[in-house]
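These notes concern the structure reproduced below.
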């Protein structure tokens, strides 16, 4: 019989693999990373929005959002505009191309997880949360800063030259 830790490691590997496969699918279908898609969705949902507001919504740094928006703007998926009321403020808005990408983008991997998780009884949600948090501690990952999105690799990998 396999030691129980092997079952845990296999389950973790399956989660990592599912995340990797989803990232490949996303790149193939719309040419974006998960964080790029999250920023596009945030801009779509929030309308003309500041980089700081996007960062707060996604629980990532403003520097990360700036890098992602730079890449999205280079692909004409978003546009930056100075606020008419306060020239120091810059707002981001979706372009027609950005809307088109969102229309054909698949659901995020975590969307289905959230739908299924929310259907569980409170005690089961608490048990899973506790077990996953304890696993993170066992892997010396409890103090690693992370946003609530399923993605592996760099937030926005460099473009090939």
TODO: Beta carbons within 10 angstrom, averaged per residue: use that to sort the peptides 116-122, 96-102, highest first.
DONE: 96-102, 116-122
- [ ] Multiply the residue separation of residue 8 and residue 76 by 0.36 nm, subtract the distance between their alpha-carbon atoms, and state the gained length in nm to one decimal.
- [x] 20.2 nm
Task: CD proxy at 222 nm, helix term only [per DSSP H run n ≥ 4: -39500 (n - 2.57); per residue of the chain; nearest 500] - done: -19500 deg cm²/dmol
- [ ] Evaluate the range 14-138: find the radius of gyration of its Cα atoms, find its Kirkwood radius, and give the ratio Rg to Rh.
- [x] 1.05
Task: Principal axis box of the range 38-82, alpha-carbon based, largest edge first, Å - done: 24, 21, 19
- [ ] Sort out for me the Cα centre separation of the range 17-45 from the range 65-136, rounded to whole Å.
- [x] 9 Å
Task: Crossing angle, helix 62-74 versus the chain [Cα axis fit, 0-90 degrees, rounded to tens] - done: 60 degrees
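Each reported figure results from applying straightforward, stated rules to the coordinates on display, with no laboratory input. From a predicted model like this one, the values you see are computed outputs, not experimental measurements. Cβ atoms come from the backbone with ideal geometry, glycine included; neighbour counts cover every protein chain shown.
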